[in-house]
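Engineer: A single structure is presented below for examination.
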Amino acid sequence: AYERRFPTCPLIPMFVASDTVSEYKSEDEAIHVIERRCKLDIDAPRLLKKIAGVDYVYFVQKNSLNRRERTLHIEAYNETFSNRVIINEHCSYTVHPDNEDWTCFEQSASLDIKSFFGFESTVEKIAMKQYTSNIKKGKEIIEYYLKQLEEEGITFVPRWTPPVTCKSESSTSHMRRPVSPAINIPESATKEGLNNKEILNTSSSPSEPTAGTPDDKLDADYIKRYLGDLTPMQESCLIRLRQWLQETHKGKIPKDEHILRFLRARDFNIDKAREILCQSLTWRKQHQVDYILDTWNPPQVLQDYYAGGWHHHDKDGRPLYVLRLGQMDTKGLVRALGEEALLRYVLSINEEGLRRCEENTKVFGRPISSWTCLVDLEGLNMRHLWRPGVKALLRIIEVVEANYPETLGRLLILRAPRVFPVLWTLVSPFIDDNTRKKFLIYAGNDYQGPGGLLDYIDKEIIPDFLGGECMCEVPEGGLVPKSLYRTAEELENEDIKLWTETIYQSASVFKGAPHEVLIQIVDASSVITWDFDVCKGDIVFNIFHSKRAPQPPKKDSLGAHSITSPGGNNVQLIDKVWQLGRDYSMVESPLICKEGESVQGSHVTRWPGFYILQWKFHNMPACATTNLPRVDDVLASLQVSSHKCKVMYYTEVIGSEDFRGSMTSLESSHSGFSQLSAATTSSSQSHSSSMISR
């Protein structure tokens, strides 16, 4: 039945085709090994496929059937991007040691993502989603082909017997075994997730929680008042999980309504709910989340520029949270606060949501365990697709999904612009399927018509910026001043360690002491990408190439400048004795970048060797007619104390074997906050591109 899914299977849409690479059969036909190259159409965001430059991925699968031992071993590994992502999967069908009429099934997989264009977390989520989806579908597929065999009159497959000339003791014992019929694998026995191994027993019924005994009953009034309608089975699950926590968990036991959220998130499968609940309780303890509302005060930047806040409740009594995402400067918030502070603020919002649910339960006299979120996308544009900002958003979603399940009752997305589908393709793989069903999306002013806001929110509390009469005290957001941006070192010193540090590095640039970064290229036609902000002063950005490696990097002692540099490092690579044109060459025209500008770009390398990215102090030009400095230049030079500049930068190299797109696919196009900025300029050559946003 398993072999019938080749060369392609209509029940697996992503499985496009397969070709046989090699095949081996033993003379006695006991061993049959076949290796195939499988072509898959992965369900990944189109933007990610465009960046990766592939439409399909290829896996190699090796199936080893041993009729003598009655085993089928399946091994698979990825061929595409094998230098960036390593996927290994192993499945086996064997005979149960205690009952040879039972089939054992084991499945395990490992995933190791070394690098993937900055989208490592997205790839991990996609891989997990595809893997769990395939596990769920496995029973359906095997049953389909078993039924197909039965319709053809094949109800069992005779056991392998050795040739008549072979009469060994072992083969004789095999011949004495009774013939076993084809086996159906029960769906309930399959578990989700990686490294998952479980024996599937066809004689046992699906493991379901038994209904509670009379001693296990909760008070009916308590259930109705605080928990909602529960079946006897659901009530029993809650009691058993709570009892297990009381016996084994050292620490604060969550309330029944919170335990119930985890049970509902896993369809009342106690084992799965217990696993994610224990992980969440450990996480809460490690990061002191229970005390976040009492011990942590959000920075003033968040209070001023985070365009979100609580606003009354919806028609069902759920607390209502309003987020004006289109008016929020996500890049500015990440640069000014770091991802850790932004995450902590989102966690405090969720903790406040839990508290408000408890209050509303008391006020309305019925259980309220979730809240409604209203997201206004007016003003959303390409600026919001800034990659580190999107990565921060994806990480926040990941943490919230894992630790606050079933807390979102409804999500109303209003005034979705044309750019929204791009953001949605990046974010949606991280959102649980049950959560996605709660999303309602309105384009333009559709929210004002039938089926719009009035179906979910009372007219009296519709915010004024949406045409309502209720004054909404949610901050209006706006651009975060770049004077509030902080360096990676400053952010690192914060006592917030909920996840990894920012991917950006900071550097100081002085007159006569540029900052330089070395990138070694082995294969020509690799792509060097960069993204940097000029935080202070004006600089000149250069790219050089050298066939020989420079001396080990030396950090400038800054003795000549009599300056200390607490907010950034300064590394110089090009030796003073090197001559331009002899020891190294310029591969790009110099790019002058003013204070406050953001620059993104890329360069396709023509030769292997050593490439040096350089940020150099920009000397003010003198007036051509008088040889005297202009007044504007003098004033500007006074603002750059001690001839010091500061940049925050991020660089990445994409190998030639993984790059198949055009240069435009690598550009990070930034715009003004509420409209495309007319001041945006670009510098473009045949082998490079840069974008500057003022």
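The values are calculated or read from the model by the stated rules, or taken from the named source; none is laboratory data. These numbers were taken from a predicted model, which means no experiment stands behind them. Glycine also receives a Cβ, built like all others from the backbone with ideal geometry; neighbour counts cover every protein chain displayed. For the accessible areas, the whole protein counts, side chains as well, though only heavy atoms, and no ligand, DNA or RNA atoms are used. Shrake-Rupley method; radii C 1.70, N 1.55, O 1.52, S 1.80 Å.
Engineer: Among the polar types (S, T, N, Q) and in contact with a Pro (Cβ under 6 Å, 6 or more places away or on another chain): is that true of T435 in this structure?
Structural biologist: So T435 fails the test.
Engineer: Show the residue pairs meeting these rules: Cβ distance below 7 Å; 6+ apart or different chains; first residue within the stretch 236-257 and in contact (Cβ under 8 Å) with a residue 24 or more places away in the chain; second residue of a type in the set (S, T, N, Q) and open to solvent by 60 Å² or more (accessible area, probe 1.4 Å).
Structural biologist: From residues that are in contact (Cβ under 8 Å) with a residue 24 or more places away in the chain, the pairs are S236/T210.
Engineer: Another question, then. One residue is enough: does the stretch 251-260 have a residue meeting the conditions within 25 Å of the chain's Cα centre (by Cα) and either open to solvent by 50 Å² or more (accessible area, probe 1.4 Å) or modelled with pLDDT of 90 or more (or both)?
Structural biologist: No, because not a single residue in the stretch 251-260 is within 25 Å of the chain's Cα centre (by Cα) and either open to solvent by 50 Å² or more (accessible area, probe 1.4 Å) or modelled with pLDDT of 90 or more (or both).
Engineer: Out of the residues in the stretch 474-524 that are under 18 Å from L343 (Cα atoms) and open to solvent by 70 Å² or more (accessible area, probe 1.4 Å), which is modelled with the highest pLDDT?
Structural biologist: Once the filter is applied, the top-ranked residue is E490.
Engineer: When the stretch 359-406 is examined, which residues are found to be β-branched (V, I, T) and farther than 22 Å from L454 by Cα?
Structural biologist: Scanning the stretch 359-406 gives T361, V363, V390, I396, I397, V399, V400.
Engineer: So is E89 in contact with a helix residue (DSSP H, G or I) (Cβ under 9 Å, 6 or more places away or on another chain) and within 21 Å of M14 (Cα to Cα) or not?
Structural biologist: yes
Engineer: In this structure, does I396 turn out to be over 18 Å from the mean Cα position of the chain (by Cα) and in contact (Cβ under 8 Å) with a residue 24 or more places away in the chain?
Structural biologist: no
Engineer: Could you count how many residues in the stretch 352-404 are part of a loop (DSSP other than H, G, I, E, B), closer than 30 Å to T529 by Cβ and among the aliphatic types (A, V, I, L, M)?
Structural biologist: 2
Engineer: Evaluate the following for D304: is it farther than 30 Å from M382 by Cβ and open to solvent by 40 Å² or more (accessible area, probe 1.4 Å)?
Structural biologist: Numbers: farther than 30 Å from M382 by Cβ: no; open to solvent by 40 Å² or more (accessible area, probe 1.4 Å): yes.
In short, no.
Engineer: While we're here: Check the stretch 397-417 and report whether any residue there is open to solvent by 40 Å² or more (accessible area, probe 1.4 Å) and on the phi > 0 side of the Ramachandran plot.
Structural biologist: yes
Engineer: Could you please give the count of residues in the stretch 430-451 that are under 30 Å from E257 (Cβ atoms) and open to solvent by less than 20 Å² (accessible area, probe 1.4 Å)?
Structural biologist: So the answer is 2.
Engineer: Would you confirm whether or not the stretch 537-559 contains a residue that is within 15 Å of K616 (Cα to Cα), open to solvent by 10 Å² or more (accessible area, probe 1.4 Å), acidic (D, E) and modelled with pLDDT under 80?
Structural biologist: Within the stretch 537-559, one or more residues are within 15 Å of K616 (Cα to Cα), open to solvent by 10 Å² or more (accessible area, probe 1.4 Å), acidic (D, E) and modelled with pLDDT under 80.
Engineer: If you check Y24, Y56, Y77, Y2, which single one turns out to be open to solvent by 70 Å² or more (accessible area, probe 1.4 Å) and in contact with a Leu (Cβ under 8 Å, 6 or more places away or on another chain)?
Structural biologist: Testing whether each residue is open to solvent by 70 Å² or more (accessible area, probe 1.4 Å) and in contact with a Leu (Cβ under 8 Å, 6 or more places away or on another chain) leaves just Y56.
Engineer: Being open to solvent by less than 40 Å² (accessible area, probe 1.4 Å) and part of a loop (DSSP other than H, G, I, E, B) is the filter here, so list the residues in the stretch 307-319 that pass it. Walk me through it before giving the result.
Structural biologist: Step one: of the stretch 307-319, the residues open to solvent by less than 40 Å² (accessible area, probe 1.4 Å) are 307-309, 311, 314, 317, 319.
Within the stretch 307-319, A307, D314, G317 qualify.
Engineer: Given the conditions (1) surrounded by fewer than 19 Cβ atoms within 10 Å (Cβ to Cβ); (2) assigned to a strand (DSSP E or B); (3) not polar (S, T, N, Q), which single one is not true for E100?
Structural biologist: (2)
Engineer: Then there is this: Pull up the stretch 457-473, narrow it to residues that are in a loop (DSSP other than H, G, I, E, B) and over 13 Å from L414 (Cα atoms), then point me to the one that is least open to solvent (accessible area, probe 1.4 Å).
Structural biologist: Restricting to residues being in a loop (DSSP other than H, G, I, E, B) and over 13 Å from L414 (Cα atoms), the top hit is I457.
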